[in-house]
């Protein structure tokens, strides 16, 4: 294999892994988020769980409504996804009312949905998609695991602490790699095929996803 192609492929995997790590932080760190939100005045643990779960709704909304943006303007989607996700995390840190916190978590989910759409559009048509997914899971999972370990090791703090600022910083740290994601030509055909799914199947898939995350 040509060294240039090898380095290019490695960089591509690293970029996709960075996007995966940033997009996965909401679900992986959600227990810590619930604990932090529970310290906001007037928010119980059950309400904090509902607020944090709106992030999943944001992911679903993006992936259902505007999945084609990932193939039309991948770099713009990558940049917007990073910015929106970071702003949502910062908003969760500074806002204090339930409606605004719900909006902030929904915004985070929309940003994560944009990053997920980039990953799937990039590798959907790959012949070795399973191997690439495995590499992304290993590298992105290590990054996410280090973040989770670091957040869990933070000393106790008053109020909600700085967990959401740490997550925003993590997203911005991954940002330059995420924005480096390029568009793969063959992914266009895969996205077109996915868009021809019957509406009933799309609704069924969404229903199953919501059930899984609900549990």
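Rule-based calculations on the coordinates, nothing more; no lab input. In this text the structure is predicted, and so the values were computed from the model without any measurement. Quick reminder, even Gly has a Cβ in these numbers, built from the backbone with ideal geometry, and neighbours come from all protein chains shown.
As a proxy for reagent exposure, ranking 133, 166 by other Cβ atoms within 10 Å from fewest up yields 133, 166. A quarter of the convex hull surface defined by the alpha-carbon atoms of region 44-144 gives 7.4 nm² as the mean projection. The label-point distance for residue 149 and residue 46, in a model that sets each label 7 Å from Cα toward Cβ, rounds to 3.7 nm. In this simple spin-label approximation, residue 158 and residue 200 carry label points 7 Å from Cα along the Cα→Cβ vector, and these lie 5.9 nm apart.
Computed extension length for residue 73-residue 128: 17.4 nm, one decimal, from 0.36 nm per residue of separation with the Cα-Cα distance subtracted. Three semi-axes describe the equivalent ellipsoid of region 53-94; taken as square roots of 5 times the Cα gyration tensor eigenvalues and ordered largest first, they are 21, 15, 4 Å. Fewest neighbouring Cβ atoms within 10 Å first, the residues 160, 105 line up as 160, 105. Between residue 142 and residue 173, the contour length at 0.36 nm per residue exceeds the Cα-Cα span by 9.7 nm.
Here is the tail figure for region 14-214: Cα pairs spaced more than 33 Å apart come to 13 percent of all pairs.
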